[in-house]
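Everything below concerns the one structure shown next.
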């Protein structure tokens, strides 16, 4: 089955030094760009993360510091990777919570602005968990009747993710997903806009979900002592909380969102 695309859809997967979005780095990236006519372009490379691979991460992907010592750094590859992605929409497995935030963090760390505006984002895992809670290996068995021969290899996982999405569309097309939290329903179609909406598990402002939208489309904290409170209200009453966030080990993209809201607060104070 060919995906119904208006623009390229880029499937990607990362292998990393660990699981901390704010601190860990990419050691391998694989991408498959699916064009509207169904043709594919592939990109795969290993990256010198410039920090050690954790033991836990090595046990998963078996990529060692020795394997990476002579590879280019992300800074050296950033423009090449960005150019390959170009204006594509994005798709991955658990990408909303991990791969996408970490990729954006890597771009920001080397001073490359990677714009997410006007991109649709599909997380195949979110669709899977909403319809058939499992792992990627089980998803491939369930939707494709295939085994992943080499799990935790970035290109193998990326290829499997692409196949699983097509299998999900084939299985669920025409079905309606009822979101019990929002009361909204989504009819599943071979359409990137619909699949992107189905992939959302929260209305995250900063990718990792530290700042989310409430039912009134207001930006609120989703962690700590101010959880559930409007960010603007907190910054008006307690501006020191902004500076604490900026000094703490939050992802750079979270800090960018927080800075933008803080600047809006300051502008509104001067205008009032």
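No lab work stands behind these numbers, since they all come straight from the coordinates. From a predicted model like this one, the values you see are computed outputs, not experimental measurements. Neighbour counts run over all protein chains shown; Cβ positions are idealised from the backbone, glycine included.
Among beta bridges identified by DSSP and lying wholly in the chain, the antiparallel ones come to about 75 percent. Averaging Cα coordinates gives a centre for the stretch 127-200 and one for the stretch 214-259; these two points are 32 Å apart. Histogrammed with a bin width of 10 Å, the alpha carbon distances of the stretch 9-199 distribute as 9, 36, 35, 17, 3, 0 percent, first bin at zero.
Only Cα pairs under 8 Å and at least 6 apart count here; give the relative contact order of the chain as a rounded whole percent. Working shown, then result.
Numbers: 441 pairs, mean separation 45.9, N = 272.
About 17 percent, as a whole number.
Applying 0.36 nm per residue to the separation of residue 145 and residue 56 and subtracting their alpha-carbon distance, the gain on full extension is 29.1 nm.
At the listed q of 0.21, 0.22 Å⁻¹, the Debye profile of the stretch 211-271, built from one uniform point per Cα, gives log10 I(q)/I(0) equal to -0.82, -0.90.
Note on the stretch 43-82: Rg/Rh from C-alpha atoms, Kirkwood Rh, equals 1.00. In whole percents, the pair-distance distribution calculated for the stretch 31-127 from its alpha-carbon pairs, binned every 10 Å from zero, is 13, 41, 37, 9, 0.
Using helices alone, I'd like the mean residue ellipticity at 222 nm for the chain: each DSSP H run of four-plus residues gives -39500 (n - 2.57), total over residue count, nearest 500.
Details: 11 runs with 112 residues, N = 272.
It comes out at -12000 deg cm²/dmol, rounded to the nearest 500.
Computed over the stretch 211-271, relative contact order equals 22 percent, with contacts defined as Cα pairs under 8 Å that lie 6+ residues apart.
Cβ crowding within 10 Å, taken as a proxy for footprinting-reagent exposure, orders 97, 237 from fewest neighbours to most as 237, 97.
Working note: Cα atoms of the stretch 93-143, range along each principal axis, descending, whole Å: 41, 21, 13.
Please order 60, 176 by the number of other Cβ within 10 Å, starting at the fewest. Each step should come with its number before you reach the end.
Details: 60 13, 176 9.
Least crowded to most crowded, the residues run 176, 60.
If neighbour count is taken as other Cβ atoms inside 10 Å, put 158, 54 in order from fewest to most.
Values: 158 25, 54 15.
Fewest-to-most ranking of 158, 54: 54, 158.
The alpha carbon convex hull volume per residue for the stretch 154-232 rounds to 119 Å³.
For the stretch 18-88 and the stretch 1-16, write down the distance between their C-alpha centroids in whole Å. A separation of 16 Å, based on Cα centres.
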